[in-house]
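In what follows, a single structure is set out as structure tokens and then discussed.
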Amino acid sequence: MFASICCTSLTLQISYQKAAEGLNDMPSIRAVSLIGVPQKDVTFDSRTSTITLKLSAILENGLKPELELSDGAEVVSGLLPDNTIDLASYRLCNPTAEKQIFLRISDGSENSTYILQIVQTGKLKVISEIRDLTFSRKTKRLEMSLQVEILYTNPSITTLIFTNLATGASALINADAACLNSCKSTALNQLIFPLGSPIEHDLTPGTYSIAFNGLEFPQKLITTE
């Protein structure tokens, strides 16, 4: 069993790293908006090259910017193939690690690098979804996907609690205080738990409730031989 990664009300700050001299000669972002995000929730300070963005609790269709760039400039890294901002570094389940996203702009001869930082606000919330999960002990691997609000706040989940609905017995799953939760760029608003052997010894056949950090999910886990 192992742990890897995480993550909606949040603030996104983009700080532009560039020298004061030759400012007008460098490739730059002149204006920004984001599809599906009200403009009142987007603030752009051209003097400090900072964009502040407030998101709703659920991120819809990714974070896709519409950028007005200086002549000849284009984004060369920092976006996924579908042109949404890559939030992968904010899925790392390590609250003490420095989280940064680099958005690089180039005009073919000069490059500018923007540093994107997310300031955490709000707490993780359960999305009421009735969709039971299944686990066959023969596979020795369980990957759970749970729908949540306010995902992009780097939650740290070190213990999962599975309670057998028939017997009332609970199985506590942990990995010596290591983070259990993970996320994927293609799985918006979803906490993912990749659990491997000896998970098949901890969960005997039956139907279990799923809980962690004081949250209980409507989904049930059905375990079979």
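The values are calculated or read from the model by the stated rules, or taken from the named source; none is laboratory data. Because the structure is predicted, anything quoted here is derived from the model rather than measured. Note: ideal-geometry Cβ built from the backbone for every residue, glycine included; neighbour counts use all protein chains shown. The area values use the complete protein model at the heavy-atom level, side chains included, leaving out ligands, DNA and RNA. Shrake-Rupley method; radii C 1.70, N 1.55, O 1.52, S 1.80 Å.
Per-residue extension of 0.36 nm, minus the Cα-Cα distance of Thr167 and Ser145, leaves a gain of 5.4 nm for this segment.
Each other residue within a Cβ distance under 14 Å of His201 adds +1 if Lys or Arg and -1 if Asp or Glu, for a net charge of +1. Remark: the Ala31-Ser185 segment gains 52.9 nm on full extension, using 0.36 nm per residue and subtracting the alpha carbon distance. Between the beta carbons of Asp71 and Val126, assuming R0 = 41 Å, the FRET efficiency works out to 0.30 to the nearest 0.05. Site pair Glu225 and Thr204 shows an inter-label distance of 1.4 nm when each label is modelled 7 Å from Cα along Cα→Cβ.
Label sites at Ser109 and Asp41, each approximated as a point 7 angstrom past Cα along Cα to Cβ, lie 4.1 nm apart. Against the criterion of solvent-accessible heavy-atom surface with a 1.4 angstrom probe, Ser70, Ser156, Ser46 sort, most first, into Ser46, Ser156, Ser70.
Under 5 Å from the amide H of Phe102 lie the amide H atoms of Leu116, each residue being 5 or more positions distant or on a separate chain, with H modelled from the backbone and absent for Pro and chain starts. Taking a Cβ cut-off of under 10 Å around Lys220, the surrounding Lys, Arg, Asp and Glu residues balance to a net charge of 0, with basic ones at +1 and acidic ones at -1. Looking at this model, which pairs from Lys184/Lys220; Lys138/Lys220; Lys54/Lys220; Lys64/Lys138; Lys64/Lys140; Lys54/Lys140 are more than 31 angstrom apart at the alpha-carbon? Pairs exceeding the cut-off: Lys54/Lys220; Lys64/Lys138; Lys64/Lys140; Lys54/Lys140.
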